[in-house]
Every structure is written in structure tokens, then in C-alpha cells.
1. Evaluate the following for Gly210: is it out of contact with any Phe, Trp or Tyr (no Cβ under 7 Å at 6 or more places or on another chain), away from ligand 1 (no atom under 14 Å from the Cβ) and open to solvent by less than 80 Å² (accessible area, probe 1.4 Å)?
2. Give the residues of the stretch 305-338 that are closer than 16 Å to Glu4 by Cα and not hydrophobic (A, V, I, L, M, F, W, C), sorted by residue number.
3. Out of everything in the stretch 69-80 that is more than 42 Å from the chain's Cα centre (by Cα) and open to solvent by 40 Å² or more (accessible area, probe 1.4 Å), what residue ends up being farthest from Asp47 (Cα to Cα)?
4. Would you say Glu4 is of a type in the set (Asp, Glu) and over 20 Å from Arg112 (Cα atoms)?
5. Could you figure out which of (1) assigned to a strand (DSSP E or B); (2) surrounded by fewer than 18 Cβ atoms within 10 Å (Cβ to Cβ); (3) of a type outside the set (Lys, Arg) isn't true of Tyr54?
6. Please specify each residue of the stretch 71-95 satisfying the condition of being under 17 Å from Ala58 (Cα atoms) and either in a strand (DSSP E or B) or of a type in the set (Lys, Arg) (or both).
7. In the stretch 169-189, which residues are in contact with a Lys or Arg (Cβ under 8 Å, 6 or more places away or on another chain), crowded, with 16+ Cβ neighbours inside 10 Å and outside any strand (DSSP E or B)?
8. Test each condition in (1) surrounded by fewer than 18 Cβ atoms within 10 Å (Cβ to Cβ); (2) more than 23 Å from the chain's Cα centre (by Cα); (3) within 15 Å of ligand 1 (Cβ to nearest atom) for Ser200 and report the one that comes out false.
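The values are calculated or read from the model by the stated rules, or taken from the named source; none is laboratory data. Predicted model, so just to flag it, every value in this text is computed and none were measured. Here the Cβ positions follow ideal geometry from the backbone for every residue, glycine too, while neighbour counts run over all protein chains shown. Only protein heavy atoms, including side chains, enter the accessible area calculation; ligands, DNA and RNA are left aside. Shrake-Rupley method; radii C 1.70, N 1.55, O 1.52, S 1.80 Å.
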Amino acid sequence: MISEETARTTILEKVRPLPERTVSFSGALGCFSARDVGARLPLPTFDNSAMDGYAVVASSCTKGARLRVTGEQPAGRDKQLRVSPGEAVRIFTGAPIPQGADAIVMQEDVTRDGNEILINTDVEVGEFIRRRGCDLAEGQKILAAGERIGPATLALLASQSFAEVMIGGEVKAAILTTGDELVKPGGKLEAGQIYESNSSLLNALVQRCGAIVKSEEHCRDDRERLTEAIKRGIENNVLIISGGVSVGKHDLVKDALRELGAQIDIWRVAIKPGKPFLFGQLNQCAVFGLPGNPVSAFVTFLQFVRPAILKMMGSTNLDLPQLPAKLTVDLTNDSDRAHYIRGRLEHGRFTPVGHQESHALFGLSQSNALLRLAVSQSLKADEIVDVQIWDW
Ligand code: AMP
Ligand code: MG
């Protein structure tokens, strides 16, 4: 049995980032930047109004003052207007500040009287003016190599008129489920059969990483069919096989991989659930064999497959997000493997949910976080622990 740390290190040594590519920036959502990117423009790009109101000279604007309105500056083309003491220019949110103005008075704070306004408030220099560069300076780093591009980063790139962005490689994955007892959802169940659910689980998890599921196949516990399905699967960067990696007579995956010439780097890891986990390489494909029990497949995906896919995609952060939480119950791990407890993190408190067994899919569906209990570790209720968030 291999330690979890060795398994993870070995996998991350073996998999390599895939070739970078340039994409139109709108196609970069969820991908990882391949370069540090600097701002082309400051933000705001010019001094502008934060409010609908009047541009004024603050020193001529004590409460009760009357000002003559000399023009109007909407958002858009700069009309190059000027404001002198005793004057005001009608202005709207996002409009460039007229020369001479050093404050904006909100329209709610004035009374309009024909061509004049009465100021109903005291006005300070700089009020409601958004200064050029106060948010972002020209040349400032807006994106680091390896950082994920989210919705707000896309908006930031658009604000800089980037049409394209260099991102990490595209990861294509194949999912292969195995097991004679499994029936595709929608089909008829005979006695002893169950519906196949791991392909849905793994498909969703792969997509959440930002990789592409190129094929999804189910295979009976039949050596020849399995070999053929594996040959098709390894056309991709990643092949994820569910089931058939344990020690039973019908667990054929390891031998089928060996026969095809695969290098098996890892088999059986000190992790609960998920001990029979397998990792190997065949041609250019990283092959992951996950135990068929849904929770084992889930936990081993998050601990071993996810970081490998993220590394291939060019990410620098391979870890699940972690948060401190107050434990609500006592927990002890008296097994010989690190135990990943499924639970719910709510309002800073972590509570285990459902049966902590590897088949218990319902409990898993109620959880949003994992707590790793090391071998022999005991924790008491109210202790603060770090939990891994997988549903955010
Ligand atoms: P295995 O790893 O093939 O020995 O399977 C372990 C357990 O997981 C068995 O109870 C299987 O029926 C179940 N199982 C295997 N594959 C799947 C799957 N794709 N969907 C749901 N359950 C599965
Ligand atoms: Mg099986």
C-alpha cells in the first residue's frame, strides 16, 4: 500500500502541462492563463463622475449657494467643457469631468431652478469623482501565469481590449465504467442489478475542472471488451476507469492495462475510502483506475485525478479550497488509512453527514466538504479544523 503523499507526488511528477494555446478571450472562461498579463490601460481610464449630478468647484459650493448651469456633459464623447467658481455643469455617471471642476454634487442634493441650482449640502473637494488609475495602474499585473480566468477576470480583460489570451492546454478525458451488474439509467433493472451512476459523477467532476469529456463508455467485466475499450480511451490525455481495480476475480482492469503495455505506477493507496486506486501510463495517456463504490470514486478523483488534470491545464493551484471550521462532533480514525469524512460546512461549523461508507451516495450528495482524519487522529467537538470545500 502506497502513502497518499507518495501517490500524489508520483502522479504530479508523471503528468505534464499540455501545450499552451491562444484563444479568443471569450473562450477562456475556466481556463488558466499561460502568461503574466499587464494592464494596457489604467482604470478608470480618465477622471469621471460617480453620480448623476453637477460638476462644480467645491470652494464655491457651501450649503445654500446658487450656481449657474452652463452646459451638460453626458457619458461619452468629452465635450471639453469648463467650470468656473459660481458655475455648474450638468453631468451623468461615467461622464468625463469638465476642466476646473473638482467635485460632483449629487442631483438629490440640489434644487433646480431654471438655469440655476441651489446647493443643499456642503461639498468637499474630490467628492464623487472617480480618479484615473485609482482602481488599476497602467502596467500593473492583472493576471498571473497559472491563474484561473473567472467571469470578473474576463470582464477585466475586456476592459483592456484584449481580444485573445494565451491559456494552458486543453485536457481531453475518456470515462470508462465497468461492471456486469450495471444498467444505464432509463433501462430495466433485473434482480441483482443497479443503475450505473459513476459516469454521471465523473463527467460532472471532470467538467468542473474545466477539462472536456470526449467519450463515455460502459463495458462488461469481459477482458477482451475491456481491452478494446481501453485502447479507445487512451486516444485521450486522460482515461478514467471506474470499477474493476480491486482484488476480485472480476477486477480485470490492472491485468488488461498490463497486457497492453501500460506502466502501472500506483496501485492501492492508504486512503479511506479508495484503497484500490490505480494510476498508470499508456502511450501518452494518464490512466486512473478508481474503485467502483461511488464515494471511493469521488474521493480519489478529488485527491488524485483533479490535481493531475489541473496541472495538465496549466494551473499553479492544484489544491481544493480549504476553510477552518468548528467541528460539531468527536471523531476518531482507528483505521490504518487516512479517512476522508464527508460532511457539511455551514456557518463555519462542520458536521459529518450520512453513512461514512463507500457506497453511501445519499450522504455524499448532502455534503459539501471533506475532513481528512489522519491515521490514529482523534478530534473533539468544538476543535477548529481545516476542511476541503468541494462544492462552492
Ligand atoms: P468494483 O470496484 O467494480 O468492485 O465495484 C465496487 C462497488 O461499486 C460495487 O458494489 C459496484 O456495484 C459498485 N459500482 C461499480 N461501478 C459503479 C458505477 N459505475 N455506478 C454505480 N455503482 C458502481
Ligand atoms: Mg466491478
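1. So Gly210 fits the description; yes.
2. Scanning the stretch 305-338 gives Arg306, Pro307, Asp319, Asn333, Ser335, Asp336, Arg337.
3. If we filter the stretch 69-80 for residues that are more than 42 Å from the chain's Cα centre (by Cα), which is where we start, we get 69-72, 79-80.
Now restrict to residues that are open to solvent by 40 Å² or more (accessible area, probe 1.4 Å): 70, 72, 79-80.
On the way: Thr70: 20, Glu72: 16, Lys79: 14, Gln80: 13 Å.
Ranking the candidates gives Thr70 first.
4. Numbers: of a type in the set (Asp, Glu): yes; over 20 Å from Arg112 (Cα atoms): yes.
So Glu4 passes the test.
5. (2)
6. Arg82, Glu87, Ala88, Val89, Arg90, Ile91
7. Residues satisfying the conditions are Gly169, Glu170, Gly179.
8. Exception for Ser200: condition (2).
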